[in-house]
Every structure is written in C-alpha cells, then in structure tokens.
Amino acid sequence: MKLFYGVVVLFSVLFCYSSLSASPACPRLFKLEQPSGFDFMARYTPRSDEHSHSIQTEDGYGIYKDEEGWKYFLQQESRGKKWGVKKDKDGICPVVGEVNPLELGISKGLRPKTAPHSHISKPSSVITKKVSGDMKVAVIGVYFNDQSYTYQGEEVQDVVFGTNNGVRNYFKNVSYGKIDIVPAEETSGVANDGFVGWIHLDMDHPGDNFDYQVVEQALENSREFINLSSFDMDGDNILETDELAVIVIVAGYEESLSYNDHSIWGYYVDTVLNAGEMKINGYIAVGEKHYDHLMTRGVIAHEFGHLGLKLPDLYDTYSTGEDDWWGGLGYFCLMAAGTWGKKEGEEYGGSPTHPNAWCKEQLGWGSLVVADGEQKISLNRENSDDFNIVRINTQKKEEYFLTELRRDEGFAGLGDKINGGVVVYHINTKKTFPWTSWGDNSVNDNPNDKGIDVEEAASNEMEPSLDEAIGIYNSMFFQKGYDFTDETDPNSKLNNGESTSVVITDISEVSDIMTAVVYSIVYPTPTPSPTPTPVPDKEMILEVEINEVDATNNDIVVSKGDWVRVRASTFDWYDEENKIMESLMVDKITCKITNPKGKLKLSEEQENVYEGSFNFKVKRKAPLGEYWVEIAVYEDGYHTASFQTSFKAQ
C-alpha cells in the first residue's frame, strides 16, 4: 500500500468537452487557376469535411496545391488499399494542364491518407431528447482589415430569420411548429432584428486559423450592442444554447463550397467562450459568400443541428484516405449531404432536406407509432403536419427499423426527377447512443458498422448505392412492387445475420400518403435512459500534472515542437481525519486534448491503472494559443472524477 500525507485538492465533477463538427463539402464544381493562367473546373472529393478534405478535377483525378500550382496525386498501394502521394519514386510531380493523366496511367479518386477521426465506444441504450419552444439567436457579422463584407446586414439577417427561405422558416417546417428561431434583442442597425454588425476586427482574415479567440474578440467588440447578461435566465453567468445561440458570419468565402483565399469551413464548436463577465457555451461560424453569391441557409441549418439540437454528423466520417468510403445518409438527412438540398433553379443549400426519421424520433418531431404484429400502416410525407414515423422493434433491443415517407422539395434540383417513396432505416443503438456533441462523429464512421443505414430498395448498375456515392435515386425508395423481408436484398435480418421475421409488403403507389402491410413480432421499446449512472457513495481524489507542474496552475506554457506530458493520479482516503491517502486502481482514465481551433488532437484511455500517463507533441506547424486538456476517471462505486485545464503554445 502506497501512503501519502498532506493537503489534497478534491476536483468536482465538471467535464465539458471542446469538440468541433463541420458541414460536409458541397458537390458543385468551382474554377481553379494555375500560375500560368490555365484554368480548370474542380470539386471536393466525396465525404470531404472540415476535418479532412481534398480536391479532384471535374473528371475525378485527385489534386493538391503547392508553391508551383496544382498537381496530380500519384497512387501508392499497400495491402489492397490505395491513396494519393505527391511524387513517385523518381520525384515526378505531374502538373495539371501540362500532362494528360489518362496517358500517364494516373488513377482517379486518389486522396491523401489521413488518420480516421478519434472516437470512444459508448454504452448502448435508447434516448429521447424532446426539443420545442423558442430559441433566441444572435447573429454577429465580422470583417477584417484585408477583407470587407459584400452583403448588407439585412440580407444576411434574412438568410437566418427570413419567413420564406430563412433558417427560421426551415426549422419551423421540419419541426412541425415545435421550435422557432427568434432574433435576440440588440441595438445594432435595425434594433432587435437579431443581426449585430458588421463588426470590424483589427486583423487580417485568419483563414483556417479562425477560432474561438477571434470570436471572443468579436463578442468584446459587440458588447455595446447586445447585453449578454439579459439572456442568462438561471443567473449562472453561462449562456447555454437554450438561453442564447451565437452564429458568427465571417466576411469572405465559405470553404465547404469552393477553394478560395479568405475563407473558413463552416463549423460548430462547443468550447466555452469568455465574453466579459459572461461565458457562452459554443457557437457556429460560417463564411459569408458561397462562391459567387450570398450564402444559402443549408450550412447554417446543418451547424444549428449541432449547436441547438445536439445532433451528430451523419455523413461518412470514416476519412482514412483509402478507397473503402461510403455516402453515410447522403441526401436523406440535413446532418449529411442534405445540407446541400435544392429546388430546380436554386443554388446548393437553398432547400436543405429534412432531418431523417431517427433525428425526428429523438427530437419528438412528428408522431411515432410502434408496429404491433400484423397491421396496415399509413405514412404521411415529410412536409405534412400529420407526418408520422413507424418503428419496428426486433428481438435485439439495440437494433430496430424506422420507416418514413420522403418526397422532399430539396431533392428536385439534385439530378433526375426524384419521385420519392418509403424509406427504411436500420438503426444500431450501440453506435447512435449517446448522440450529444462528443466531437468524434462516430455514429456513421465505419462502412461495416453503421449506426444508421438506409436500406435501399433496389440495386441498379446505373445508379450507385450509398455504399458507393452520396447521390439519391428513385431505386433507393420503396414503392409498389418492392418488399422488405428476410429473403430480399436488402433484407430485414439483424447485423449478425439472424432472422427478425420483419416483413414490409403491399406497398402502395407513390403519393403524399402511402400504405403498406407490416408483419412483425411484438417487442417492447426499451425504456429511455440517457446516460444512466448509479448513485455511488464515494469520492475519489484526482491529481493532474502537466510537465510535472500542478495542473491547477493556469500559466503553463510550452513551445512548438515540445512534448506535453500529462499525468493523472487517483487516490482514496486511507485515513481521512489525518489526511492520509492511498493509491486507487481505477477502471479507466481518459485524456482528451483539443487545439485552439477546437479540433480534437488526442483521445486516449488507459485501463486498470493507478496513474494515467499521456504524451502529446505540439507540432511546429500547430496553431498558437490555448490547448484544452480534459481528464475523466471511471471506477465502480465512486463518483466519476473529471478535470479540465489548459496550457498555452507559443
């Protein structure tokens, strides 16, 4: 037994993440230009997002940019996987516009190999977070010394709060009136219209270095126009998103749509901001311009899905750079490529598609019916006030099916006319719970272990599936002549191949109300239990050091290129009266480190230890500023101990 004497600090149970989620890339083409003047069309590769994105030519060749211009990726292959590298063994780097990639045998679809997003396994359960009521929003527009704004405040305000094509109108419709995005009270420009700006920041456009510190400066410069403390309903000096949500519009371009200087990739981050005497828990930042026009509402709606509704990304977040990617939920969901839904004649993102049935089930939007044996069901389409979801349980409580009727207006501008029909989803709650903002995007991070899978009605060689692309085709919808059983392809079996005996048949012609017959064995829906925890009777003692300095010290500084060594030690009282304690072996210690941009840079755990030791190197090209360190300790019979601290890189 190891004994210690002395005064000990007990850390309270307060564990707040700093995580970042971003919108998926838009599929539209944009123009790029070489230093020689040669120009060509390109787009982002499928499943690009702020975390990991690359560009390909219009005909599908992966490219990258260096100081000499745009060049083709060349193929490297190992163990059946392929990815793009910048030069071959002879140092050759083919330049776009100077060579024919087909003649050189360059493969299409190459992108650099990257590490997959970090994620942590979560417990299996079913949760329901009902969301309704007014949600106050402040929109702050910022511009810079070298980048002014292009559009007037009232134009930007209309994108967010407009009653016809604004984000406000979108969420009123998709929630069936359950929520309303309300302009926050402010005195800038048109008083109380929710837009504060434009606010000048005395700096050049930071590009990819636009982070929470820039937003804190914007909040400081906005204080004369908005009284943040007036929104603090519970008086704790922290503004949660149900008190005030902050959206920052950044002068310049939205990078998720096109590659430009003076751009940012729209994102949401839940870091805590300092705003005078107040703190704000999270914000959204998006670019003002989409290529050659004012931003559309899709990106803001997607990011508000994170900020206001705590929904996860549901596009493919696999991101290894290898060629076994998939389309996630594609255009079937706002939290996937549905961000970019549009009517014919609209710009991308003008009419984002609805959140899918799983999102609405969690949020309590629409009516939910649980299938009961053999019955005829009736489905009302997504834009109907009578919209309904049918849930079909199985013998395995972690897996079930959802059905809905989709004929979104936002499908219309995405290619051939989409008539729509019944959509069937296979839900795996081991991957969907918990669905709050962890920052790891783990619901759909593995094409072989999907949290939410669209069971596409038919296969068609001319129409790729979501395992191959992010498109949307009529063959993906169930309609008259299609059945869903144990024997069809796709089938209603569990992920392990076990029969569920679920049958959906006699599906009607496509219309705004469709019917079908469902056969299923009746199983109860698991009782909602968000993050169930027993009530323990013991406190553990947690001590944290960074580079051998007490982590309660707020002045820890490291230099670029240095290692950061985090040590977390756990103890229990051996003799509390005399302040004697002993080392405590715990089930697990986790450590997360996020950089000043809110990106998760380290996520590790160590099991069955007395002490957790974690090492992190601040790379020489890493952003300067404050890095957050979050420690959590888990042990049966004890309160979970957690601690958050930071260090600065200079």
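The values are calculated or read from the model by the stated rules, or taken from the named source; none is laboratory data. Note that the structure is a prediction, hence the values are computed from the model and not measured. Every residue, glycine among them, receives a Cβ derived from its backbone with ideal geometry; neighbour counts consider all protein chains shown. Accessible surface is based on the protein model in full, side chains and every heavy atom, while ligands, DNA and RNA are left aside. Shrake-Rupley method; radii C 1.70, N 1.55, O 1.52, S 1.80 Å.
Can you flag which of 178/342; 450/621; 89/289; 279/597; 31/86 are past 29 Å Cα-Cα? Too far apart for the 29 Å limit: 450/621; 89/289.
Would you compute, from DSSP H runs of 4+ residues alone, the mean residue ellipticity of the chain at 222 nm, taking -39500 (n - 2.57) per run and dividing by the full residue count, rounded to the nearest 500? Could the numbers behind the result be given before it?
Values: 6 runs with 49 residues, N = 650.
Rounded to the nearest 500, the figure is -2000 deg cm²/dmol.
For residue 547 and residue 154, the difference between the fully extended length at 0.36 nm per residue and the C-alpha to C-alpha distance is 136.4 nm.
Note that segment 194-294 presents 34 Å² accessible area per residue, ligands and nucleic acids not counted, probe 1.4 Å. Put simply, when 240-248, 481-489 are sorted by average Cβ atoms within 10 angstrom per residue, most first, you get 240-248, 481-489. If the label point is 7 Å along Cα→Cβ of residue 65, which residues in segment 21-35 have backbone nitrogen under 20 Å from it? Residues 23-35 fall inside that zone.
With a simple spin-label model that places each label point 7 Å from the Cα along the Cα-to-Cβ direction, the separation between residue 33 and residue 487 comes to 6.3 nm.
Provide the packing ranking of 249-260, 24-35, 588-599, i.e. peptides ordered by the mean count of other C-beta atoms within 10 Å per residue, highest first.
249-260, 588-599, 24-35
To put it simply, the accessible area of the chain at a 1.4 Å probe is 45 percent carbon and sulfur. Taking 0.36 nm per residue of sequence separation and removing the Cα-Cα distance, the residue 103/residue 624 pair yields an extension gain of 183.1 nm.
Once you treat every alpha carbon in segment 224-336 as an equal point and sum by Debye, what is log10 I(q)/I(0) at q = 0.15, 0.22 Å⁻¹? Values returned for q = 0.15, 0.22 Å⁻¹ are -0.78, -1.21. Placing a label point 7 Å from the Cα of residue 419 along the Cα-to-Cβ direction, the residues of segment 486-511 whose backbone N falls under 20 Å of that point are 490, 505-511.
Go ahead and collect, in residue order, the members of segment 489-528 whose backbone nitrogen is under 15 Å from a label point 7 Å along the Cα-Cβ direction of residue 370. Answer for this model: 520-528.
Other residues lying with their Cβ under 9 Å from the Cβ of residue 43 contribute a combined charge of 0, Lys and Arg counting +1, Asp and Glu -1. In summary, the chain shows an alpha-carbon radius of gyration equal to 1.00 times the 2.2 N^0.38 Å reference for compact globular proteins.
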